[in-house]
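The values are calculated or read from the model by the stated rules, or taken from the named source; none is laboratory data. Note that the structure is predicted; figures quoted are calculated from it, not measured. Glycine gets a Cβ as well: all are built from the backbone with ideal geometry, and neighbour counts include every protein chain shown.
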There are 2 protein chains.
Amino acid sequence: MAKNVLIIGAGGVAQVVAHKLAQNAGEFGKLHIASRTVSKAEKIITSIRDKGHQVEFAAHPLDAMDAGAVAALIRRIDAHIVINVGSAFVNMTVLQGCIDAGAAYIDTAIHEDPAKVCETPPWYGNYEWKRREAVEKAGITAILGAGFDPGVVNAYARLAEDEYFDKVESIDIVDINAGSHGRWFATNFDPEINFREFTGTVYSWQGGEWRQNKMFEVGREWDLPVVGKRTAYLSGHDEVHSLSARYKDADVRFWMGFGEHYINVFTVLQNLGLLSEQPVKTAEGLEVVPLKLVKAVLPDPASLAPDYEGKTCIGDLVKGTQNGQPGEVFIYNVADHKDAYNEVGSQGISYTAGVPPVAAAILVARGTWDVKRMANVEDLPARPFLELLGDLGLPTRVIDATGDHPI
Amino acid sequence: MAKNVLIIGAGGVAQVVAHKLAQNAGEFGKLHIASRTVSKAEKIITSIRDKGHQVEFAAHPLDAMDAGAVAALIRRIDAHIVINVGSAFVNMTVLQGCIDAGAAYIDTAIHEDPAKVCETPPWYGNYEWKRREAVEKAGITAILGAGFDPGVVNAYARLAEDEYFDKVESIDIVDINAGSHGRWFATNFDPEINFREFTGTVYSWQGGEWRQNKMFEVGREWDLPVVGKRTAYLSGHDEVHSLSARYKDADVRFWMGFGEHYINVFTVLQNLGLLSEQPVKTAEGLEVVPLKLVKAVLPDPASLAPDYEGKTCIGDLVKGTQNGQPGEVFIYNVADHKDAYNEVGSQGISYTAGVPPVAAAILVARGTWDVKRMANVEDLPARPFLELLGDLGLPTRVIDATGDHPI
């Protein structure tokens with residue numbers, strides 16, 4: 001039986017998910033999209049119609065913070081797979097709705113509590129993993145962090161484990177956006193989520209324990225395919241928290257590329273207290289969360305797409321040993337902002353985040369990944385996922401002892 | 001009869017005014033201070049008691065945006081002189097209260113409309129000067145802009161006219177704060193007023209007409225006494241608007257010194273739209289004026305005083321001819337942040353702004369400046385004002401053909 005899919009969220013990533021679902025409509029039953037603001041969901045459907053897709057696609061209003069409302073919608077439209085690309089604050093309620101209504105759950109980023117910045121590790125352990133038993137009991141599949149990073153980079157680590165090393169010693173994930181949006185300043189994702197990633201403590205897993213650093217404290221120059229020499233900084237990121245559980249004896253680090261301009265703006269905003277999620281009171285007595293105002297004055301990330309040019313390079317440098325012989329492999333993807341816009345009307349950052357959950361949904365629909373339990377991407381077979389991603393527009397390449405080649 | 005004085009406002013400048021009035025209590029009758037938040041006024045009185053002053057000083061709650069309330073308070077306490085050092089938004093209502101109740105009016109900065117940034121010139125012509133006739137009819141004295149800049153620098157220009165030149169050709173006012181408050185970033189005045197000075201068009205009077213520039217567009221290195229070589233930028237400022245009326249044939253420019261760090265923070269905030277006085281709506285539907293939030297997160301300027309070190313140098317470079325012979329004179333003051341704090345508990349910027357209106361009040365009380373009309377400082381005899389300021393802690397020095405010496 002063809003499986004109906006429900007997208008939750010209607011931002012830049014949801015736009016990519018919707019287009020990719022429509023392009024691959026033969027894999028699924030009916031398609032649905034739900035958002036707090038239903039007009040945003042309808043706009044996405046219109047953009048799909050503009051590309052000539054005739055697939056059945058319906059928009060629904062939904063408060064995704066209400067697990068009961070999520071379950072009710074799933075039941076009403078008989079959704080079998082939910083792709084959650086709403087705000088990071090709704091994961092736990094959407095997951096609960098899936099558990100209650102018996103639908104598969106796929107997300108692309110970790111749950112966040114609006115009132116907290118930077119949880120203590122392990123982040124998954126604080127929220128999603130506490131529902132493992134409930135997911136298994138309900139007999140549903142829940143795939144966590146199936147975007148690009150986390151997501152594809154977790155599969156890269158798993159590929160290195162499966163095909164290169166019997167012992168993984170270090171996993172360095174590097175995320176470089178060498179594109180340019182032409183604005184004075186903008187974030188590529190929801191500014192609220194984007195800045196929250198960097199305002200707290202940077203956690204990395206090294207020497208079998210959590211290390212703490214400040215943002216922009218540890219920088220390193222990388223020389224990567226296509227994008228060349230770029231400085232990236234040790235950053236906290238979702239996948240460090242799941243990969244460190246599977247690869248306890250390896251060092252797991254995440255490196256995010258930043259230009260000097262971004263760092264300067266970030267530093268000014270942070271040092272002035274404008275990135276705080278705690279409300280401050282103005283002289284007039286109005287309570288304002290500074291970060292929410294900063295979000296309101298910055299460009300909508302979705303608006304950047306038409307002018308975005310250049311490429312991204314995201315990959316894993318994995319070191320390890322095979323039969324006692326040390327070695328290393330760099331597994332990566334290069335994506336192009338303009339190509340992404342021409343294909344689905346979104347910039348490359350949204351594209352790399354939005355295509356993988358569709359690949360995951362296809363694998364769940366086909367049964368390959370329909371594991372009836374909660375899994376992070378590295379817990380699942382990597383090759384079917386990466387090969388499917390190649391077909392969907394995100395090809396994987398490898399630099400190993402034999403050179404630079406496709407997987 | 002000894003004249004009762006009412007201070008309106010209870011910020012850093014009001015603190016200086018209150019202390020200087022208490023130090024010179026013999027010149028006046030009873031002293032009063034009024035503020036929207038009466039506890040702030042009471043705190044200032046407490047700081048005066050702590051310095052051992054036994055003078056009669058009373059605090060009153062007042063909404064200075066209500067001209068009727070201002071007039072009622074003036075009548076109730078029989079105030080003869082009002083020193084308005086409240087927010088720049090209350091000038092017109094306080095002036096109206098003085099006109100209605102028959103008290104002398106002294107302020108230190110131009111009126112501002114909360115909804116506008118950077119009026120078209122001449123600023124005084126848009127508000128205060130429209131009340132000239134009403135002031136004359138009421139038979140009261142109204143002295144506008146009697147702080148340091150505007151204020152003392154206007155008297156410097158008048159001194160150059162009176163004692164150096166029969167024809168003034170240019171007046172360049174230079175304001176350098178070479179002090180350090182030790183914070184990552186702070187403004188020396190109310191951030192709302194401070195930033196509003198620099199977000200709009202920079203007006204200067206050159207070649208007999210208004211010239212427009214952007215902030216930080218025109219910079220120039222100055223080499224000044226005590227503070228040395230400093231870069232200052234062409235800025236809009238109150239006194240350019242009154243001096244250009246008296247010195248129509250001269251160029252009148254205002255130069256404000258800024259360090260690179262200040263300019264960087266300002267540029268980030270402005271380019272992001274965070275210095276706007278127009279409300280923006282957050283995703284949650286809350287209407288917020290960005291500038292008011294920025295004010296709320298920045299340090300209270302009054303809190304900087306204890307750690308403030310270093311000196312300010314503010315002066316006028318005046319060029320002109322005397323009997324056809326060209327010449328120039330630099331008339332200036334150097335003030336010390338630490339000395340100001342030790343004397344009155346405020347930093348040097350508040351000190352230089354707060355002492356001059358007290359000198360003006362003394363001259364009104366003595367009759368020297370009790371002119372029964374509206375006047376800017378350059379319309380009044382300069383020497384009595386500058387000599388009195390020397391006694392009150394703000395000595396004037398001159399660099400002319402004979403060297404660097406006191407006036």
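As a summary of the residue check, residue A:128 satisfies the conditions (1) over 21 Å from the mean Cα position of the chain (by Cα); (2) modelled with pLDDT of 95 or more except for the one numbered (1). You will find that of B:40, B:30, the residue that is surrounded by fewer than 19 Cβ atoms within 10 Å (Cβ to Cβ) and under 16 Å from residue B:354 (Cβ atoms) is B:40 and no other.
Would you confirm whether any residue within the range B:219-228 is among the β-branched types (Val, Ile, Thr), closer than 21 Å to residue B:332 by Cα and either more than 22 Å from the chain's Cα centre (by Cα) or within 14 Å of chain A (Cβ to nearest Cβ) (or both)? Yes: the range B:219-228 contains one or more residues that are among the β-branched types (Val, Ile, Thr), closer than 21 Å to residue B:332 by Cα and either more than 22 Å from the chain's Cα centre (by Cα) or within 14 Å of chain A (Cβ to nearest Cβ) (or both).
For the range A:237-248, the criterion of being over 30 Å from residue A:337 (Cα atoms), polar (S, T, N, Q), within 14 Å of chain B (Cβ to nearest Cβ) and out of contact with any His (no Cβ under 9 Å at 6 or more places or on another chain) is met by none of the residues. Residue B:55 falls short on exactly one of the conditions (1) of a type in the set (A, V, I, L, M); (2) modelled with pLDDT of 95 or more; (3) touching a Leu at 6+ places or on another chain (Cβ under 9 Å), and that condition is (2). Among the residues of the range A:286-297, those identified as more than 7 Å from chain B (Cβ to nearest Cβ) and touching a residue at least 40 places away in the same chain (Cβ under 8 Å) are A:291, A:294. Is there a residue in the range B:194-201 that is within 23 Å of residue B:234 (Cα to Cα), among the basic types (Lys, Arg) and assigned to a helix (DSSP H, G or I)? Yes, there is a match, as at least one residue in the range B:194-201 is within 23 Å of residue B:234 (Cα to Cα), among the basic types (Lys, Arg) and assigned to a helix (DSSP H, G or I).
Which one is surrounded by the fewest Cβ atoms within 10 Å (Cβ to Cβ) among residues in the range A:262-275 that are within 18 Å of residue A:114 (Cα to Cα) and in contact (Cβ under 8 Å) with a residue 60 or more places away in the chain? Once the filter is applied, the top-ranked residue is A:270. Among the residues of the range A:300-326, those that are of a type in the set (D, E, K, R) and either under 24 Å from residue A:167 (Cα atoms) or crowded, with 20+ Cβ neighbours inside 10 Å (or both) comprise A:316, A:319. Residues in the range A:366-380 that are within 18 Å of residue A:243 (Cβ to Cβ) and free of Cβ contacts under 8 Å to residues at least 24 places away in the same chain: none.
Within the range B:205-247, the set of residues being of a type in the set (S, T, N, Q) and closer than 21 Å to residue B:313 by Cα comprises B:231, B:235. Inspection of the range B:93-105 finds no residue satisfying the criterion of being away from chain A (no Cβ under 14 Å) and closer than 21 Å to residue B:316 by Cα. Among the residues of the range A:276-285, the ones that are surrounded by 16 or more Cβ atoms within 10 Å (Cβ to Cβ) and either more than 7 Å from chain B (Cβ to nearest Cβ) or under 16 Å from residue A:193 (Cβ atoms) (or both) come to 2 in all.
Before we move on, is residue A:82 buried (at least 19 other Cβ atoms within 10 Å of the Cβ), among the aliphatic types (A, V, I, L, M) and under 20 Å from residue A:136 (Cβ atoms)? When the stated conditions are applied, residue A:82 passes them.
For the range B:259-275, give me each residue that is hydroxyl-bearing (Ser, Thr, Tyr) and within 10 Å of chain A (Cβ to nearest Cβ). Answer for the range B:259-275, where residues must be hydroxyl-bearing (Ser, Thr, Tyr) and within 10 Å of chain A (Cβ to nearest Cβ): just B:267. Selection of the range B:327-378 for residues being part of a loop (DSSP other than H, G, I, E, B), surrounded by fewer than 24 Cβ atoms within 10 Å (Cβ to Cβ) and either in contact with a Cys (Cβ under 6 Å, 6 or more places away or on another chain) or at pLDDT below 95 (or both) yields only B:345.
Checking each residue in the range B:269-321 for being farther than 23 Å from residue B:182 by Cα, among the charged types (D, E, K, R) and under 23 Å from the mean Cα position of the chain (by Cα) picks out B:277, B:292, B:316. The residue list A:145, A:102, A:139, A:179 contains one member that is at pLDDT 95 or above and under 20 Å from residue A:350 (Cβ atoms), which is A:145.
Filtering the range B:106-135 to residues that are over 16 Å from residue B:203 (Cβ atoms), acidic (Asp, Glu) and surrounded by 14 or more Cβ atoms within 10 Å (Cβ to Cβ) leaves B:107, B:128. Restricted to the range A:1-99, the set of strands (runs of 3 or more DSSP E) holding at least 1 residues that are under 26 Å from residue A:237 (Cβ atoms) and hydrophobic (A, V, I, L, M, F, W, C) comprises A:5-8, A:81-84.
Among the residues of the range B:292-326, the ones that are assigned to a strand (DSSP E or B), hydrophobic (A, V, I, L, M, F, W, C) and touching a helix residue (DSSP H, G or I) at 6+ places or on another chain (Cβ under 6 Å) come to 1 in all. In a residue-by-residue description of the range A:289-303, the property of being more than 27 Å from residue A:47 (Cβ to Cβ) and among the polar types (S, T, N, Q) applies to no position.
Every test in (1) at pLDDT 95 or above; (2) surrounded by 21 or more Cβ atoms within 10 Å (Cβ to Cβ); (3) under 22 Å from residue A:235 (Cα atoms) is passed by residue A:251 save one, and that test is (2). Residues satisfying the criterion are absent from the range A:154-167 (criterion: within 26 Å of residue A:262 (Cα to Cα), at pLDDT 95 or above and polar (S, T, N, Q)).
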